[in-house]
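Here is the structure we will look at, set down as structure tokens.
The values are calculated or read from the model by the stated rules, or taken from the named source; none is laboratory data. Since the model is a prediction, treat every value here as computed from it, not as a measurement. Every residue, glycine as well, gets a Cβ built from its backbone with ideal geometry; the counts of neighbours run over all protein chains shown.
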Amino acid sequence: METRSIGSSVSSGWLSVLDFPLPTGVEKEEARMEFAGQTAIITGAARGFGRAITRRLAQGGARVVAADINLPGAEETAALVKKEGGEALPVHTDVASAASVDNMIKTALTHCGNRVDILVNNAAIWTLVPTEELSEADWDRMVNVNMKGVFLCCRAVIPVMKRQGRGHIVNIASIAARNGGTFAGIHYVASKGGVLAMTKKLAKELGQYGIVVNGVNPGSSQTEMMVGWPEEILQAIIKNTPLGRMAQPEDIADTVAFLASDAARFVHGETVEVNGGILCD
């Protein structure tokens, strides 16, 4: 199988080139049937999890909308998808803005078959600030992107999926919502806890319309967000993970692909832990 890079090494050496196999030949044709004819919107698609998820769904045959506030990054993701033979549309989107989210949905409908089959709410920001030093503005920005953004995207896509009589929504939360976030501020932990709660509420509300809703809780992961972390902290995380490594973006992408597929048609209202066993009791 062929491999392609989705990242680059950094001077610290811990963030290696993120290579993962892409299907070729018969395997590629079989994979492309997975989401053939479907349209998928992925927020936060400019890098990290979002880029890997976008590529993975495109490899499965989906027309992908790479949505991000970082338009050049979204364009790079779309270019990668097209280079690999897929269909991709980059869209500038601020998930904290209702008008921007509505434009994202409108653009997807106009250019991608007048349907949205899959929504992946991945866009998020992260900071580590002691609670007593956290400003109200920082709290509001975090909650607006990480939690309100999920609400706005779901609110905008639900009428489309109801009209279709089907759809998949996958929300990306965080291990921080489960363990209190050793390396995350209270505003991040609260926002991701809200995503977990919304996932269950949406599942209860939307199942009757054929809309399947699930979540993913990534553990510590080798993404650009962790570049610059002290080596001793990174090694401590790896040591405390039973599988002996951090997650890579494709680990999350493969889980999302499962939850967005018909293979998960009776998995509903669940949040899948993808953390290498770090929460094993």
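Considering the range 45-97 alone, what residues qualify as being free of Cβ contacts under 8 Å to residues at least 60 places away in the same chain, in a loop (DSSP other than H, G, I, E, B) and touching a strand residue (DSSP E or B) at 6+ places or on another chain (Cβ under 6 Å)?
Ala46, Ala62, Thr93, Val95
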**Study point:** Neighbours by Cβ (under 6 Å, 6+ apart or cross-chain): first from the range 187-208, surrounded by fewer than 18 Cβ atoms within 10 Å (Cβ to Cβ); second β-branched (Val, Ile, Thr)
**Key:** Leu196/Thr271
Exercise for review: Would you tally the residues in the range 164-186 being part of a helix (DSSP H, G or I) and surrounded by fewer than 20 Cβ atoms within 10 Å (Cβ to Cβ)?
Suggested key: 4
Point to revise | Where Leu119 falls short, out of the listed (1) assigned to a loop (DSSP other than H, G, I, E, B); (2) within 25 Å of His268 (Cα to Cα) | key: (1)
Check your understanding: Which residue out of Val101, Val120, Val170, Val91 is over 21 Å from Gly37 (Cα atoms) and out of contact with any Pro (no Cβ under 7 Å at 6 or more places or on another chain)?
Key -> Val101
Exercise for review: Starting from the range 256-280, keep only residues that are closer than 20 Å to Leu57 by Cα, then list their pairs with residues that are part of a loop (DSSP other than H, G, I, E, B) and of a type in the set (Lys, Arg) whose Cβ atoms are within a distance under 9 Å, requiring at least 6 positions of separation or different chains.
Suggested key: none
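Taking Val143, is it of a type in the set (Val, Ile, Thr), over 23 Å from Leu279 (Cβ atoms) and outside any helix (DSSP H, G or I)?
Answer is no for this residue.
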Check your understanding: Do we have any residue at all in the range 132-144 that's over 28 Å from Ala263 (Cα atoms), among the aromatic types (Phe, Trp, Tyr) and touching a helix residue (DSSP H, G or I) at 6+ places or on another chain (Cβ under 6 Å)?
Key -> yes
Check your understanding: Do we find a residue being under 18 Å from Val170 (Cα atoms) and among the polar types (S, T, N, Q) anywhere in the range 45-65?
Key -> yes
Exercise for review: Run Ile238 past the list (1) outside any loop (DSSP other than H, G, I, E, B); (2) modelled with pLDDT of 95 or more and report the number of the one that doesn't hold.
Suggested key: (2)
Point to revise | Every pair of residues 6+ apart whose Cβ atoms lie under 7 Å, when the first sits in the range 129-153 and is in contact (Cβ under 8 Å) with a residue 60 or more places away in the chain and over 13 Å from Ala184 (Cα atoms) while the second is aliphatic (A, V, I, L, M) and not in a helix (DSSP H, G or I) | key: Gly149/Val95; Gly149/Ala96; Gly149/Ala123; Cys153/Val95; Cys153/Leu119
Study note, to complete from the structure: Among (1) surrounded by fewer than 24 Cβ atoms within 10 Å (Cβ to Cβ); (2) out of contact with any Gly (no Cβ under 7 Å at 6 or more places or on another chain); (3) under 20 Å from Arg166 (Cα atoms), Ala108 falls short only on (1)
